[in-house]
Every structure is written in C-alpha cells, then in structure tokens.
Amino acid sequence: MVEEQLYHKIRQIILAAKTKISSTINFAQVESNWLIGQTIIEDEQNGKERAPYGEGLIKKVAGELVQEFGTYYSDRNLRYFRQFYQVFPNWNALRSNLSWTHYRSLLRVENPKARQFYLEETIANNWSTRTLDRQINSLYYERLLSSQNREAVEAEMHEKSEKLQAEDVLKDPYILEFLQLKENKTFLESELEEALIDKLQEFLLELGKGFAFVGRQQRVSTETKHFYIDLVFYNYLLKCFVLIDLKVHELTHEDIGKMDMYVRLYEDKYKAPDDNPTIGLILCTYKDHTVARYSMLKDSRQLFASRYQLYLPSEDELRQELERERQLIEEQKKLK
C-alpha cells in the first residue's frame, strides 16, 4: 500500500513536469512562428518595390535559414507562418495550450466561424491533433448546425475523441524540427521489418545497376499527416528516385494507394525538372505469401516498360530475395 502511494506521487510529479515542458515548447514554437509571419508581412508592406520578387525573396531567405537552423524553416513553412499571422493577427487571441500542429490544421478551415468553433472545442475537450483533423474532415461543425439531433452528433464526437498527451507533443515531428532534434524512428519498425530492410538495402546496392542510397524512414508530409518511406534510392542511370515500402502483411488496396501518394508527394518535393518519373516499389511478406510490385503513376507506365526494366531488378527477383532473407532471419532467431 505504501509502495503504491509512493509510486502514484512520483508518477504525478513526472506527468506534471512533462506537461509543463510540452506547454513551454508549444508556446515558444507558436510564438516564434507568429512573429516570423508578422515580420514577413511587415517587410512585404514596407514598399511596393518588394512585391514583384516577394516570393523569390522568401525562398532565398529560407535557403539561408535552413542551412543554419534546419529544414523547419523551409520556404513552404515560412509561407505557413505568414498565413498564420494573417489568419490570427491578434497576438492576445492565441492560445498557449494549442500546438503549432493544431494551428496548421485550423488554417485549413476557411470559414472563420467554423475555425473558431474547432479552436474552442479543441481547448474545451483537450483534443489531440488527430482528433481535430478527424472532426474537421468529418464536417463536425456543419453536421452539428444542420442536425435535428445535436446530442447524437456530440455523442459520436466524444466517442471518437482522443485526449492530447504530453508524450504526443514531444514526439511531434514539427516540434523535433523546431528544436533541431532527430526523430527516434526505432519504434516505427518491428524487429523483422528492420532486419529485412537492412538486407534489401544491401541487395539493391550490390546489384551495381546505378543505385545510390538516399535515406531510410524518410518522412513525407501532407497538410495534416506524416508518413515514412522505408527506403529511398536514386538511380543515376535512370535518373529517377526509387521509393520502397515494406509490409509484413498481405498486399492491400490501401498499400497501393499509399505508395501512389508517396510518389506524388516525393515528386512535388524532391524531383528535379530533368529527373525521370519516380518509381515506387511495394514489398509484402506474409506467412508463405510474398509479393513484389512496382508502382508508378499512370503516365509513367510506358517509360517503365521501355527503359526502367533494363536496370531495375524484376519483381520475381525481388520476391525470391525477400523470401530467402526472411527464412534466414527467422532461422537465426530460432537459434538464439
């Protein structure tokens, strides 16, 4: 009994400290972003002579900031900061218990009344950013206004709500970028997936057909979510990026759709004008069923058939390699 009481007392101290840390970081990030947005707006309004090259100026400044302070200060984010100040021009109206990720989601809501509603509901119910996105995407505000049974709509909202936890804030990629800290990606892969990805990386590099390693667990982001691509290569013979995603379950339509999204996001963010179209590769290994499938956007399929297949391993080669490596890994685990 005494041991349990001591545990709960110490636990409360730890939770209070984490909450205080996350709140302090949140406010510092929101304040910094708002002030940067204000500075950009005031600079743009200083004279009409700046107008013709305003966007170019932001891009140039962003390039220098990224070199010194990291990717968080990209030109894309600087434009978000500018929009943040435009949508929330009153500093006193900002809420310290909302994260930058919350505000990013709120910026997507064009209706000012709906935006204010979601802001107040997020604070009142301590919504996580995932819950806020779900409510926005499900048109919760509009459904509540039009419904003759508000209680049912509200009950559904409460049932699907997730509370914001201090740990969520400290793992938020925007927070980590802001603090110039690396993401801890070990929790993103199972032991089997990690071992298989190691072997696949070696296998593709050993083929010697122009593969150069770019990154592992590389993050790509939509307006509201973050995704991680298991392996990214650049093939200098084909002049294109190759994205690889590994699954330890049966191939689903969702997996294929997600890879198509990865390809589009990667082309928007990383593909150079003289690069060829990006190729996606989905690898699924589940029990005795292994699948390797190339994925490319519709207008790239002819190029894939005529040229890419000369340099890329076939789907059958990849399937056999994946099966072989999985068997070896599982046998080694049994011996331990």
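The values are calculated or read from the model by the stated rules, or taken from the named source; none is laboratory data. Here the structure is a predicted model, which is why all the values come from computation and not from measurement. Heads up, the Cβs are rebuilt from the backbone with ideal geometry, glycines too, and the neighbour counts pull from every protein chain shown.
Name, by its number, the condition in (1) at pLDDT below 85; (2) under 17 Å from the mean Cα position of the chain (by Cα); (3) surrounded by fewer than 16 Cβ atoms within 10 Å (Cβ to Cβ) that does not hold for Q218.
With respect to (1) at pLDDT below 85; (2) under 17 Å from the mean Cα position of the chain (by Cα); (3) surrounded by fewer than 16 Cβ atoms within 10 Å (Cβ to Cβ), Q218 is out only on (3).
Condition test on Y234, is it out of contact with any Cys (no Cβ under 7 Å at 6 or more places or on another chain) and farther than 30 Å from W100 by Cα?
yes
Does L246 fit the bill of being under 14 Å from S295 (Cα atoms), touching a helix residue (DSSP H, G or I) at 6+ places or on another chain (Cβ under 8 Å), at pLDDT below 85 and buried (at least 18 other Cβ atoms within 10 Å of the Cβ)?
Criteria met by L246.
Looking only at the range 145-159, decide whether some residue is basic (K, R), surrounded by 15 or more Cβ atoms within 10 Å (Cβ to Cβ) and either modelled with pLDDT under 65 or closer than 18 Å to E223 by Cα (or both).
no
Which of the residues that make up the range 59-73 are out of contact with any Phe, Trp or Tyr (no Cβ under 8 Å at 6 or more places or on another chain) and in contact (Cβ under 8 Å) with a residue 40 or more places away in the chain?
F69, G70, T71
Being closer than 15 Å to Y140 by Cα and surrounded by 13 or more Cβ atoms within 10 Å (Cβ to Cβ), is that true of even one residue in the range 96-107?
Checking the range 96-107: at least one residue is closer than 15 Å to Y140 by Cα and surrounded by 13 or more Cβ atoms within 10 Å (Cβ to Cβ).
Can you name the number of the only condition in (1) in contact with a helix residue (DSSP H, G or I) (Cβ under 6 Å, 6 or more places away or on another chain); (2) in contact (Cβ under 8 Å) with a residue 12 or more places away in the chain that R104 fails?
(1)
Starting from the range 266-284, keep only residues that are farther than 19 Å from Y228 by Cβ and among the aliphatic types (A, V, I, L, M), then list their pairs with residues that are modelled with pLDDT of 85 or more and surrounded by 11 or more Cβ atoms within 10 Å (Cβ to Cβ) whose Cβ atoms are within a distance under 9 Å, requiring at least 6 positions of separation or different chains.
A272/K239
Looking only at residues in the range 278-296 that are outside any strand (DSSP E or B) and surrounded by fewer than 19 Cβ atoms within 10 Å (Cβ to Cβ), which one is modelled with the highest pLDDT?
So the first thing to find is which residues in the range 278-296 are outside any strand (DSSP E or B), and the list is 278, 287-288, 296.
Applying the additional criterion that residues be surrounded by fewer than 19 Cβ atoms within 10 Å (Cβ to Cβ) yields 287-288.
Working: K287: 56, D288: 59.
Residue satisfying both the conditions and the ranking: D288.
With the structure loaded, tell me whether D255 is closer than 30 Å to S128 by Cβ and either touching a Cys at 6+ places or on another chain (Cβ under 8 Å) or assigned by TED's automatic domain parsing to the domain that holds R108 (or both) or whether it fails that test.
Yes; evaluated as a whole, the condition is true for this residue.
Taking the stated definitions as given, is E110 farther than 27 Å from I21 by Cα, without any contact (Cβ under 8 Å) to a residue 12 or more places away in the chain and not assigned by TED's automatic domain parsing to the domain that holds L35?
yes
Taking the range 64-79 as the search range and keeping residues that are of a type in the set (A, V, I, L, M, F, W, C) and more than 19 Å from the chain's Cα centre (by Cα), which one is modelled with the highest pLDDT?
It comes out as L65.
Being at pLDDT 90 or above and not aliphatic (A, V, I, L, M) is the filter; apply it to the range 85-99 and report the residue that is nearest to S128 (Cα to Cα).
Step by step, filter the range 85-99, then rank; the result is F88.
Condition (residue is exposed (fewer than 14 other Cβ atoms within 10 Å of the Cβ), in the same structural domain as Y141 (by TED's automatic domain parsing) and free of Cβ contacts under 8 Å to residues at least 40 places away in the same chain) applied to the range 74-90: is it met by at least one residue?
no
Looking at E110, E68, which is the one that is closer than 19 Å to T222 by Cα and loosely packed, with under 13 Cβ neighbours inside 10 Å?
Working: E68 fails: closer than 19 Å to T222 by Cα.
None of the others qualify; the one that does is E110.
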